[in-house]
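Below is one structure, written out as structure tokens, with a few remarks after it.
The values are calculated or read from the model by the stated rules, or taken from the named source; none is laboratory data. Values in this document were obtained by computation on a predicted structure and should not be read as measured data. Cβ atoms come from the backbone with ideal geometry, glycine included; neighbour counts cover every protein chain shown. For the accessible areas, the whole protein counts, side chains as well, though only heavy atoms, and no ligand, DNA or RNA atoms are used. Shrake-Rupley method; radii C 1.70, N 1.55, O 1.52, S 1.80 Å.
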Amino acid sequence: MMNFRWKYNPTYLRIKYGCKQVLFPLLVFQFVRTVVFPTSFDVILLGLLAMLYVAISLEWL
């Protein structure tokens, strides 16, 4: 029998994909908010959320 080891901890993967599911609605909401009320804080927050979502999607985290 092969000795199989996980590449990542299953709990880590569950948290990571849970964050991905929560990030998309937050990203859409923040985009709409940035379009309606463009403040520098909203733009920075939108950029950070977008970078985090892309990092999770491309398996960088």
**Request:** Name every residue in region 19-61 that is acidic (Asp, Glu) and in a helix (DSSP H, G or I), in order of residue number.
**Result:** 42
**Prompt:** If only one of 16, 7 is free of Cβ contacts under 8 Å to residues at least 60 places away in the same chain and in a helix (DSSP H, G or I), which one is it?
**Reply:** 16
**Message:** So, residue 29, is that one at pLDDT 90 or above and open to solvent by 90 Å² or more (accessible area, probe 1.4 Å) or not?
**Reply:** yes
